[in-house]
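Written out below as structure tokens is the structure these notes cover.
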Amino acid sequence: MKTIKTLYLECIEFEELVMAHYLLCLIQEGKVQFHDDVSVLRTVEASSVEKVRHLIDKNYLRFCTIKMYEMQVAERKWALVYANSPEEAKEYLWRTRGEKAWDCREPLMDFDIPYDNRRVTYRDLKKEFNKFPCFVRYFENCLRPIA
């Protein structure tokens, strides 16, 4: 039996900000309890969209808004940058590397890549940086790091 508490903690761990804030609203309104089975979500009256949006806009749960962006800069060359938005990532790449991104995509944060003779997820790699936006490295075809 999966409980609301388990789901809520998973949402926080995996940075699912919409679902985490929605569950928080349901808990605050007394519509669900931490010990309830998640199946109650099928029958519970929905929380106010405006209230959930307000909490998300305020970032009430203090989620980190930094994401990884993979940007194609040449035929087989990609740049990896941590930033708040695709626009910020592209601007940072242009300002610091003088390269214009052809394409920009946001990969899953749990995708793992080779990095310094090991495999690491984007989520774990982010913990190794303390100033954002930041350039991480170049990759060929997003699989092989360029030395």
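When you scan the stretch 50-62, do you find a residue that is under 30 Å from K31 (Cα atoms), modelled with pLDDT of 90 or more and aromatic (F, W, Y), even just one? Scanning the stretch 50-62 turns up at least one residue that is under 30 Å from K31 (Cα atoms), modelled with pLDDT of 90 or more and aromatic (F, W, Y).
If only residues of the stretch 85-105 that are closer than 21 Å to E15 by Cβ and out of contact with any Pro (no Cβ under 7 Å at 6 or more places or on another chain) are counted, the one that is surrounded by the fewest Cβ atoms within 10 Å (Cβ to Cβ) is E87. Checking each residue in the stretch 1-18 for being within 13 Å of the chain's Cα centre (by Cα), surrounded by 15 or more Cβ atoms within 10 Å (Cβ to Cβ) and hydrophobic (A, V, I, L, M, F, W, C) picks out C11, I12, L17. Within the stretch 94-102, identify whether any single residue is in contact (Cβ under 8 Å) with a residue 12 or more places away in the chain, in a helix (DSSP H, G or I), of a type outside the set (F, W, Y) and closer than 21 Å to K131 by Cα, and answer yes or no. The answer is yes, given that some residue of the stretch 94-102 is in contact (Cβ under 8 Å) with a residue 12 or more places away in the chain, in a helix (DSSP H, G or I), of a type outside the set (F, W, Y) and closer than 21 Å to K131 by Cα.
Within the stretch 19-47, being loosely packed, with under 15 Cβ neighbours inside 10 Å and either in contact (Cβ under 8 Å) with a residue 12 or more places away in the chain or of a type in the set (A, V, I, L, M) (or both) holds for E29, Q33, F34, H35, D37, V40, V44, E45, A46. For the residues K77, K67, the requirement of being surrounded by 18 or more Cβ atoms within 10 Å (Cβ to Cβ), touching a strand residue (DSSP E or B) at 6+ places or on another chain (Cβ under 9 Å) and within 27 Å of F129 (Cβ to Cβ) singles out K67.
The values are calculated or read from the model by the stated rules, or taken from the named source; none is laboratory data. Here the structure is a predicted model, which is why all the values come from computation and not from measurement. Glycine gets a Cβ as well: all are built from the backbone with ideal geometry, and neighbour counts include every protein chain shown.
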